[in-house]
Amino acid sequence: MQRTLDRYLLLEQIGSTGLSTVYRAQAPEDEVEVALKVLRPYISEDQALLDKFEAGISGIIKLRHPNILPVYAKETDGAFHWITMQHVSWPTLRQWAQHPVPIPQAIMIIEQICDAVELAHSQGISHGDIKPGNIFIDPDTGKVLVADFGISIIAEGSPATVKASLNIPLPAYTAPELGQQAIPNLQSDIYSIGILFYDMITGSVPFAALERATVRAKQITSTPTNPSKVNQNVPDNLDQIVLKAITPHPATRYNTPSEFVKALAATEPGYDNPQIFPVNWEVETQRSFSGMEPSGQEVSPQDGDPVICSICGKHNLPNASWCTDCRAYLTRVAASTADQVVPTEERQRRYKIATFRRKMMTIAAIIGVIGFTAFQILDIRMPLDAPTSDLTSEPGNSEWTTINRTLTGSGPVPGETAEFSGNIKWTFNAGDSLASTPAVKNGVVYLTTLDKQVIALDEATGDVIWEHASVAPIDASPTIAGNILVYGARDRRVIALDTTTGDKLWEFVTEANPTQGSAIVEDGIAYIGSGDSNVYAIDVMTGDKQWHYPTREWITNTPALAGNILVVGSLDGRIGLYDTDTGKRRFEFRGINRQILGTPVIAGNDVFITYRNGLMYSLNLQEEEVVFHNQWHRMKLQLFWWNMMGNPGHPKGVNWSTFLWGTLVTSPAVDEDMVYVSTNEGRMYGVDRETGKKLWVYKSGSTRLSSPTLVNGVLLVSDNQGVVHAVDSKTGKETWSIPVATRSSSRPVVANGSMYIASQDGTLYAVE
């Protein structure tokens, strides 16, 4: 069923930030599609924020420039507020530029961006978030549209709770002075444009790092590597020009964006607003990167003249961008001068090479399709060594041994009370912000910290039993199986410790990037996802790899397990179901929108997944992969979006989906009848497990609720003010609240009559 907002038909959700959700939409009386940016409820419900937004957006609506994405109007139906913008289907610069961009082409792109930014500043408007994702580019003409002017309208001067929920600009593209709460201005936008150009010509950005604070420090204290050192094909005369634009001192940057463009253009003889786009990558790259010139000189055709392909010699229509024969990019060369540009013999040689390449690619594609089909149809099983133990992390009563309580990730805590006096039994300061929840077992509380520590505490007193120094910060909660503790760290290692002594038993090194999710252990095998986009099966006694399966993006959450089916979610929005006996993928689902940060939850034959943009799905755990089914469904969706067929509904394996207003970075909790999930905007929803219908919503009055812990029919959540809320699971009514910590968004842990709350100031609270 299609959704509507006032007079608009919502066709598709195309984006989401902490500030808004963006839809492709159409008004019934108008055939033109538009983009609707719908503000999050917490903004619409705060009159001060709403007034601030409406005052700022008024100036942006007046911006009119060929290179600025137009904002048409701000609208409301009383409950929701949104702005209406032009909808474009062009790729972003990030999607389009897959490799270093030839310098003349990069200058042409930057020139258009600078023109747009300079016009906006002449009207008193800064951009504040110039990055590849906010630059749209027409692949046929090279026209650029800059989107999202005024990103700081609400952020600046807003409460910290609001700032925490916004889509903060990427630190690598943001001027260092903005990290000190400065207001974006012309100089900070010039810095971002300089970084953008650096990225285009080198394929990387200076000071790329995981920690925002680290990036800021390097921006201020360190000099970026010369572009010519990063990409040896960049000429030396560009180095000082680019470095001047990205100096940490605003007063020493270029005075205006046009001044930056003029300096760049001076390095390219003959550059005068080139209109050749897209260039022939093969020819243009040869000229720009290797110092070689293509044979002959480009000659602009006359209007109406056919355009000859310099590869195969095919005559194409005057406005063509691609050769209809060999599919190469066309250089704008008139047919009448073809032999002057590319001799006939050379064109024939190129045509033979292009034809041979095309045939080889066709053969390779056919072999690939046959191989893929055979791999999917044939149940090819890999021989695996038996694990050396049968240890499991499945907890018994009053034992919290995984981040989500059970192997299925559902989070129920049997045999415990949800009534607490609020008295602090003891506290322990770990020295740095705590990003994880502790594990409690056999009278011991196990804690991992961002301060590179694994600590065992006495459950009764909070006294330290042992400490283990890690090499890198630890984001995830520890997992206990028998007398073995397993954790992953930011230095891409998975480490096992003896729970009695804290001694290291083994370590396993992943291929790359941090390991930020917890492991689960079943029958002697530890299953864990990694930032290298792999899910691993590791023998928990020896640290030996049993198997691994490559996904397409980082895995930052914890897998869920039911029987021999492992469920893993990744940051590209894909959910994979894997056979634990072989490591073979059984099924894969990808939602329309990306980023799965919460852990999947299994209940019966259903899997519940939350997406960051507010979508929650219920999938069939027993689903099997059908060759090309997902591709066929995506094709039907495209036909539906073009009004060529009816709504195809959900793909195979999807029970239902529901949209919840808010940012979902938490894991759900599930009981027999309902699914419970909380948002970054301070709301918690109760959803019917069978239908996906929203039954109630709880508003905490704060922001950023933790994942809920389900205890005896009561949902326990903590907020970023350090308050723990108890909510009745059937009605959604708050029964009590207790202020505990200074700031917390970690899930409450309940074990043996006590509740444990981890605070962002590094303190662990034990509450009676």
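Brief remarks follow.
- Condition check for V697: closer than 30 Å to I43 by Cβ, within 29 Å of the chain's Cα centre (by Cα) and surrounded by fewer than 21 Cβ atoms within 10 Å (Cβ to Cβ): yes
- Residue in the stretch 549-567 that is surrounded by the fewest Cβ atoms within 10 Å (Cβ to Cβ), counting only those that are small (G, A, S) and either in contact (Cβ under 8 Å) with a residue 60 or more places away in the chain or touching a Lys or Arg at 6+ places or on another chain (Cβ under 8 Å) (or both): A562
- Restricting the search to helices (runs of 4 or more DSSP H) fully inside the stretch 37-100 and requiring at least 3 residues that are in contact (Cβ under 8 Å) with a residue 12 or more places away in the chain and farther than 17 Å from D6 by Cβ gives 47-61, 93-96.
Residue-by-condition table, conditions (1) modelled with pLDDT of 90 or more; (2) of a type in the set (F, W, Y):
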site: G686; (1), (2): yes, no
site: R689; (1), (2): yes, no
site: W696; (1), (2): yes, yes
site: L715; (1), (2): yes, no
site: Q721; (1), (2): no, no
site: E734; (1), (2): yes, no
site: A741; (1), (2): no, no
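- Residue within the stretch 252-269 that is modelled with pLDDT of 90 or more and farther than 19 Å from E111 by Cα present: yes
- Residue in the stretch 690-702 that is touching a helix residue (DSSP H, G or I) at 6+ places or on another chain (Cβ under 8 Å) and either under 27 Å from A476 (Cβ atoms) or in the same structural domain as S433 (by TED's automatic domain parsing) (or both) present: yes
- Residue match in the stretch 512-521 (condition: part of a strand (DSSP E or B), farther than 14 Å from T558 by Cα and either modelled with pLDDT of 90 or more or in the same structural domain as A439 (by TED's automatic domain parsing) (or both)): no
- Scope the stretch 733-752; condition part of a loop (DSSP other than H, G, I, E, B) and within 18 Å of T703 (Cβ to Cβ); matching residues: V740, A741, T742, R743, S744, S745, S746, R747, P748
- Counting the residues of the stretch 64-94 that are touching a Ser or Thr at 6+ places or on another chain (Cβ under 9 Å) and of a type in the set (A, V, I, L, M, F, W, C) gives 6.
- The stretch 568-587: number of residues that are part of a strand (DSSP E or B) and either in contact (Cβ under 8 Å) with a residue 24 or more places away in the chain or not assigned by TED's automatic domain parsing to the domain that holds V665 (or both): 9
- Unmet criterion (only one of (1) under 20 Å from A439 (Cβ atoms); (2) touching a Phe, Trp or Tyr at 6+ places or on another chain (Cβ under 9 Å); (3) outside any loop (DSSP other than H, G, I, E, B); (4) not aliphatic (A, V, I, L, M)) for W506: (2)
The values are calculated or read from the model by the stated rules, or taken from the named source; none is laboratory data. If you're wondering where the values come from, they're calculated on a predicted model, not measured in any experiment. Don't worry about glycine lacking a Cβ; one is built from the backbone with ideal geometry, like all the others, and counts go over all protein chains shown.
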